[in-house]
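Encoded as structure tokens, the structure appears first; notes follow it.
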């Protein structure tokens, strides 16, 4: 195996959105062109983070959160990100909900990863129940109105959006992958001229993979409870059920394959929250494939998922 | 059923198309980061660290200017290590804002996937034999904290 000519590739990593973003480009194009495209792909992450990060008081989303009860004109990036989050919330009947920021802040998920500064948004109010229906979007005016004080969290959506924008910068190369801390898009072929092989991390054993997938021009995202823990309560991870405000414990990890990373990330979060049976059903309703692992390491899959397994 | 799914795919495709065509590249400071090489203000204990290679622009290297933000413009190197290995980062400040933080080097005493970003294929290949990349829950950047802090201290000095 793998005796063919190996193509040239370039790999770089930068920190964005509190994770490591690694981009690999496989191409016979000139090095300068590859580097320029790579820089543009990374700048998509910078742009989306500067708009959508709730950890930065100066971001557009933080400024939006300070204006309650009035329609606020917003950029295309913020409008589309919140609009898609709203649509997924509606589709999943609130299993995914971008107003979960309130709950996340109350569990201490509010530190800027680069500067270490903690910020408590002025709109933080743990006592007022909120959900996505408290967000009004006006397409014609491109405005967003928040009905109650709430903290928008676009974590999953924003990272996916940045990956999908970066894909547009790299699509003309023979092969590439973008790995935003486990949110992956694999485009074209790898340097061996084969479809990319993507391992799914074992939820219990850091160094092992539990399954391998083979695919091309698809996004893969895994939501898992094993990485991010509350600094206030160590039993609390970041995948919290919007309906009960407590962390979901019926799933260990959920991996979703989708044509866009923004979809893969939103739906892996939603399916994780819904648990094995409802979660898999939700993925099939959305026309996506995925695999969910329970605490006893039992695996649940969509009907078509097997075609990706190696 | 499939119809509902198609609706979500369409919504997603449209959203990304709108954001992309709105042209974020030309209007954001990140674009500046590619067009003018940031000044290398200081290098601390990292003689072999490659500087971020954005040196193709013919424009002269600007001297660091005190920006409105709390950080001075420039590129700053920092390194951090713990019992499992170490990392080196190059942090770039443009107009007082942190515009990028590139991982320029990392090493481990044994295979630790949390800090394997620079050579994912080599590390992953050792673990599994045949995957290109691993999908897992989003890791935090804790492993990079001390390196980033060191670079930030220089940006504030």
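In terms of surrounding Cβ atoms within a 10 Å radius of their Cβ, A:50, A:75 rank from fewest to most as A:75, A:50.
Residue order for B:148, B:89, fewest other beta carbons within 10 angstrom first, comes to B:148, B:89.
Ignore the peptide's own chain and count Cβ atoms of other chains within 10 Å of each Cβ in A:73-80; give me the average, rounded.
Mean partner shielding for this stretch: 4.
How many partner chain Cβ atoms sit within 10 Å of a residue's Cβ in peptide A:204-211, on average, as a whole number? All intermediate terms of the calculation are to be shown ahead of the outcome.
Numbers: counts 0, 0, 7, 8, 4, 10, 1, 2.
Mean shielding by partner chains, rounded to a whole number: 4.
The overall shape of the range A:125-190 is oblate: from the C-alpha gyration tensor, with semi-axes ordered a ≥ b ≥ c, the ratio a/c is 1.5 or greater and a/b is no larger than b/c.
Once you average over the residues of A:15-24, how many Cβ atoms of partner chains fall within 10 Å of each Cβ?
On the way: counts 12, 3, 2, 6, 5, 16, 3, 7, 0, 4.
Counting Cβ atoms of other protein chains within 10 Å of each residue's Cβ and averaging gives 6.
Counting other Cβ atoms within 10 Å as a rough exposure proxy, the listed residues A:63, A:306 run A:306, A:63 from fewest neighbours to most.
Tell me whether the range A:51-101 comes out rounded, prolate or oblate; compute the Cα gyration tensor, take square roots of the eigenvalues as a ≥ b ≥ c, and use a/c under 1.5 as the rounded threshold. Numbers along the way, then the final one.
Working: a/c = 1.81, a/b = 1.66, b/c = 1.09.
Judged from the Cα gyration tensor, the range A:51-101 comes out prolate (a/c at least 1.5, a/b above b/c).
Which whole-number percent is the relative contact order of the range A:1-76 (Cα, under 8 Å, 6+ apart)?
Values: 60 pairs, mean separation 13.7, N = 76.
Value for the range A:1-76: 18 percent.
Starting with the highest mean, order A:37-43, B:10-16, A:220-226 by the number of other Cβ atoms within 10 Å, averaged over the residues of each peptide. Show your work: numbers first, answer last.
On the way: A:37-43: 23.1, B:10-16: 18.6, A:220-226: 26.1.
Ranked by mean Cβ neighbours within 10 Å, highest first: A:220-226, A:37-43, B:10-16.
Does the range A:256-310 come out rounded, prolate or oblate, given a ≥ b ≥ c as the square roots of the eigenvalues of its C-alpha gyration tensor, rounded meaning a/c under 1.5 and, failing that, prolate meaning a/b above b/c? Since a/c reaches 1.5 but b/c is at least a/b, the shape of the range A:256-310 is classed as oblate.
The numbers here are math on the coordinates, done by the rules we state, and not lab data. Keep in mind it's a predicted model, so treat the numbers as computed, not measured. Cβ sites come from the backbone with ideal geometry, for glycine too, and all protein chains shown count toward neighbours.
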